[in-house]
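Each remark here refers to the structure printed beneath this line.
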Amino acid sequence: MKANNNNLPDKNGFFGEYGGKFVPETLMYALEELETTYEKLKDDAEFKNQFYKDLSEFVGRPSPLYFAERLTNLYGTGSIWLKREDLNHTGAHKINNTIGQILLAKYMGKKRIIAETGAGQHGVATATVAARLGLECHIYMGSEDVQRQSLNVYRIKLLGAQVHAVDSGSATLKDALNEALRDWVTNVDDTYYIIGSVTGPHPYPMIVRDFNSVVGEELITQSKEMFQSMPDAIVACVGGGSNAMGAFYPFIKFNETRLIGVEAGGEGVETGEHAAPLNDGTPGVLHGALSYLMQDEGGQVKGTKSVSAGLDYPGVGPEHSWLKDSGRAEYVAVSDEAALKAFHEVSELEGIIPALETAHAFAYLDTLMKEFDEDANIIVNVSGRGDKDINTVAEIDGIKI
């Protein structure tokens, strides 16, 4: 089935049956104010010029499209290309969205910034743009993630933001988002909430998608320059789904390009110990939107399991849910074990230490490359660098650092 999303989301924030605004009445005005502001500014020449100027001068865009020669030789079929979002300022794709949203916050006159974070990259990116404008900044992070992402916690603090460790629930990304929403309800008048993924109530999935789609826009130009055609496939990891959507969105109209999202399979999807709602979930409401969700028969959110803090989330963005049902994108899952193997493999073969999130996308190449001939061009979106994960991987490997 072909998907066409030229008019999505609709006026109520739905991608097909997914999305919407399932929030307390106290937040409806704030969401409507944000939507009105974004609709006014998104095509404004001055706003767009400032956004792209900041991406160029502050972030360092465009990020390169790099031919991974040794990884290509390993598989012996097709050519593997890497979209180097790990080379952005702050080390991941997250800065693309925070640059855009901080401009919205500035226009709206907000003086206080809040955000949730799992792997810490969105927290770092948010703290970075808040520091740049001299705004008060608060980052919510599950206490489990505070421990396994200690480097990013310190980076956030160095940038002048406050980190709030969340001990409730599983003490991971889901719980951090819960606390950030509570903060927003309490301080809605002076606070701007920078959501870091294509999740949450409308208009956030649309806004985050649009700001991060600079990745896919660059890929269209770079693919024509590098191999004179559209890629045969784009592979990206999926937690909430912002890095994948940023790469996928401009390519939805190019049906010759397969769009492949890779979720966190944890101990294996069949075990239930994973974070792969598109592979083993059902539609439900989480954090203000209807989407695929890991839930039990009573509608209670299930626990998740992933070696990767950034993918350790029981839900996913509504547009990914729509892309799954429409058949335009494919969603698979790989295990912790496979991701860790790929983490070491890419580091040793390409001199690029990927984030554990990105390592899931690399791991799927073991399966995917068997499906292509030598003329194929496959792009892996390198969502972030792996500095933040060194302590986690070293501990698993039994190495004390």
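The values are calculated or read from the model by the stated rules, or taken from the named source; none is laboratory data. Computed from a predicted model, the values in this text were never measured in an experiment. A quick note on method: Cβ atoms are made from the backbone with ideal geometry, for glycine too, and the neighbour counts reach across all protein chains shown. SASA here: full protein model, heavy atoms, side chains in, ligands and nucleic acids out. Shrake-Rupley method; radii C 1.70, N 1.55, O 1.52, S 1.80 Å.
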Across the stretch 183-205, what is the total count of residues that are assigned to a loop (DSSP other than H, G, I, E, B) and touching a residue at least 12 places away in the same chain (Cβ under 8 Å)?
13
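How many residues does the stretch 14-42 contain that are among the hydrophobic types (A, V, I, L, M, F, W, C), in a helix (DSSP H, G or I) and in contact (Cβ under 8 Å) with a residue 60 or more places away in the chain? Give the derivation first.
Residues of the stretch 14-42 that are among the hydrophobic types (A, V, I, L, M, F, W, C), as a first pass: 14-15, 22-23, 27-28, 30-31, 34, 41.
Remaining after also requiring in a helix (DSSP H, G or I): 27-28, 30-31, 34, 41.
So of that shortlist, the ones also in contact (Cβ under 8 Å) with a residue 60 or more places away in the chain come out as 27, 30-31, 34, 41.
Qualifying residue count, the stretch 14-42: 5.
Of all residues in the stretch 364-382, which are open to solvent by 10 Å² or more (accessible area, probe 1.4 Å) and either within 18 Å of the chain's Cα centre (by Cα) or more than 24 Å from Gly78 (Cα to Cα) (or both)?
First pass over the stretch 364-382, keeping only residues open to solvent by 10 Å² or more (accessible area, probe 1.4 Å): 364, 366-367, 370-375, 377.
Passing the criteria: only Tyr364.
Filter the stretch 112-140 down to the residues that are charged (D, E, K, R) and either modelled with pLDDT of 95 or more or assigned to a helix (DSSP H, G or I) (or both) and list them by number. Show your work before the answer.
Taking the stretch 112-140 first, the residues charged (D, E, K, R) are 112, 116, 132, 136.
The answer is Arg112, Arg132, Glu136.
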Do you know which residues across the stretch 151-180 are closer than 24 Å to Val301 by Cα, of a type in the set (A, V, I, L, M) and open to solvent by less than 30 Å² (accessible area, probe 1.4 Å)?
Val166, Ala171, Leu173, Ala176, Leu177, Ala180
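Determine, yes or no, whether Gly118 is open to solvent by less than 10 Å² (accessible area, probe 1.4 Å) and either within 25 Å of Thr37 (Cβ to Cβ) or out of contact with any helix residue (DSSP H, G or I) (no Cβ under 8 Å at 6 or more places or on another chain) (or both).
Details: open to solvent by less than 10 Å² (accessible area, probe 1.4 Å): yes; either within 25 Å of Thr37 (Cβ to Cβ) or out of contact with any helix residue (DSSP H, G or I) (no Cβ under 8 Å at 6 or more places or on another chain) (or both): no.
No, not satisfied.
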Leu290 vs. criteria assigned to a strand (DSSP E or B), touching a strand residue (DSSP E or B) at 6+ places or on another chain (Cβ under 7 Å) and open to solvent by 10 Å² or more (accessible area, probe 1.4 Å)
yes
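Identify all residues within the stretch 81-99 that are touching a strand residue (DSSP E or B) at 6+ places or on another chain (Cβ under 6 Å) and either open to solvent by less than 10 Å² (accessible area, probe 1.4 Å) or under 26 Å from Arg132 (Cα atoms) (or both); write none if there are none.
Taking the stretch 81-99 first, the residues touching a strand residue (DSSP E or B) at 6+ places or on another chain (Cβ under 6 Å) are 81-86, 91-92.
Once the filter is applied, which keeps residues that are touching a strand residue (DSSP E or B) at 6+ places or on another chain (Cβ under 6 Å) and either open to solvent by less than 10 Å² (accessible area, probe 1.4 Å) or under 26 Å from Arg132 (Cα atoms) (or both), the stretch 81-99 yields Leu82, Lys83, Arg84, Glu85, Asp86, Gly91, Ala92.
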By my count, helices (runs of 4 or more DSSP H) wholly in the stretch 313-401 with at least 1 residues that are under 22 Å from Glu270 (Cβ atoms) and without any contact (Cβ under 8 Å) to a residue 24 or more places away in the chain are 336-350
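From the residues in the stretch 150-182 that are of a type in the set (A, V, I, L, M) and not in a helix (DSSP H, G or I), which one is nearest to Gly239 (Cα to Cα)?
Residues of the stretch 150-182 of a type in the set (A, V, I, L, M): 151, 153, 156, 158-159, 161, 163, 165-166, 171, 173, 176-177, 180-181.
Now restrict to residues that are not in a helix (DSSP H, G or I): 159, 161, 163, 165-166, 171.
Numbers: Leu159: 26, Ala161: 24, Val163: 22, Ala165: 20, Val166: 19, Ala171: 16 Å.
By that ranking, first place goes to Ala171.
How many of the residues making up the stretch 52-80 are within 15 Å of Ser223 (Cα to Cα), of a type in the set (A, V, I, L, M, F, W, C) and open to solvent by 50 Å² or more (accessible area, probe 1.4 Å)? Talk me through it step by step, then tell me what you get.
Keep residues of the stretch 52-80 that are within 15 Å of Ser223 (Cα to Cα), which gives 62-68, 78-80.
Now drop any that are not of a type in the set (A, V, I, L, M, F, W, C), which leaves 65, 67-68, 80.
Then drop every residue that is not open to solvent by 50 Å² or more (accessible area, probe 1.4 Å), which leaves 67.
So the count comes out to 1.
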